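Visitor: Structure provided below as structure tokens; questions to follow.
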Amino acid sequence: MLPEGIGVIPLCLDIRSGTKEEFTDAIRFYEPKVKELAEQQVEIIMPDGSAPFMLLGYEAERTLMKKWEKKYGIPMFTPGQNHARAMKAMKIQRAVNIAYTTWDDGNLVKAYYKDAGIDMVSRAVFPVPFQGVGQLSSKEVYGFIKKSFLKFKGLDGIYIQGGAWRVLDIIEPLEQDLGVPVVHPGPAKAWEVMRRLNVRQPIGGYGRLLSEMPDG
């Protein structure tokens, strides 16, 4: 989704089960990867994976990002921070959260976004094993999202959480059919990277966030 001229260096952690315990333990493995990227003199670092950082809590996550930014001298942002900015850029105040993992057993996502100034009205979890989400039909997910959205009145957005969904093709149909913007991790990440690099290249096919390129 990024225009030509913007390069990406991906480094991975070995996340397998998608449990709360695994995500909690994973946080300690991030900084060595951050250090490795900093040594390659990248311009932005995104420690990816929303769950490990949301489990820290909104303020603790901000504190950690500031610490790493000061230590390594490179701007950083987490998925949660990115998604909150994207939702605010699209004027989303009340949304339904669509997910495929059950690590949030205590309304942690709702509390996180409340601290960020967004009312996450409900968290709808698609019943699929963590390892199987990549094989889901996007049409199945479309039906699940639409049904979840229509349960509530007064929503002004949809938040699809989790990078393993293969659902980029349903973002625009959802926006057209339901009349609200959809924030998905892929387009949200591309949008913030471009804005931080002072690039404004609208891209069609992935929803309003990338086609309109709002300030954020």
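The values are calculated or read from the model by the stated rules, or taken from the named source; none is laboratory data. Quick caveat: nothing in here was measured; it's all calculated off a predicted structure. As a convention, Cβ positions derive from the backbone with ideal geometry for all residues, glycine included, and neighbour counts pool all protein chains shown.
Visitor: Output the residues belonging to segment 75-92 that are out of contact with any Leu (no Cβ under 8 Å at 6 or more places or on another chain) and not in a helix (DSSP H, G or I).
Guide: Answer for segment 75-92, where residues must be out of contact with any Leu (no Cβ under 8 Å at 6 or more places or on another chain) and not in a helix (DSSP H, G or I): Pro75, Met76, Phe77, Thr78, Lys91, Ile92.
Visitor: Follow-up. For segment 144-163, what are the residues that are over 14 Å from the mean Cα position of the chain (by Cα) and either in a loop (DSSP other than H, G, I, E, B) or free of Cβ contacts under 8 Å to residues at least 40 places away in the same chain (or both)?
Guide: Lys146, Lys147, Leu150, Lys151, Phe152, Lys153, Gly154, Leu155, Asp156
Visitor: Now for a separate question. Return yes or no: is Trp103 buried (at least 21 other Cβ atoms within 10 Å of the Cβ) and modelled with pLDDT under 95?
Guide: When the stated conditions are applied, Trp103 passes them.
Visitor: For segment 127-134, state whether one or more residues are closer than 25 Å to Thr78 by Cα, over 16 Å from the mean Cα position of the chain (by Cα) and at pLDDT 95 or above.
Guide: The answer is no; no qualifying residue exists.
Visitor: Filter segment 100-115 for residues that are over 14 Å from the mean Cα position of the chain (by Cα) and assigned to a loop (DSSP other than H, G, I, E, B) and give the result.
Guide: Thr102, Trp103, Asp104, Asp105, Gly106, Asn107, listed by residue number.
Visitor: Here is a further query. Could you tell me whether Ala95 is out of contact with any Cys (no Cβ under 6 Å at 6 or more places or on another chain) and either in contact (Cβ under 8 Å) with a residue 40 or more places away in the chain or part of a helix (DSSP H, G or I) (or both)?
Guide: Criteria met by Ala95.
Visitor: So, in segment 164-211, exactly how many residues are among the β-branched types (Val, Ile, Thr), under 21 Å from Ala51 (Cβ atoms) and assigned to a loop (DSSP other than H, G, I, E, B)?
Guide: The total comes to 1.
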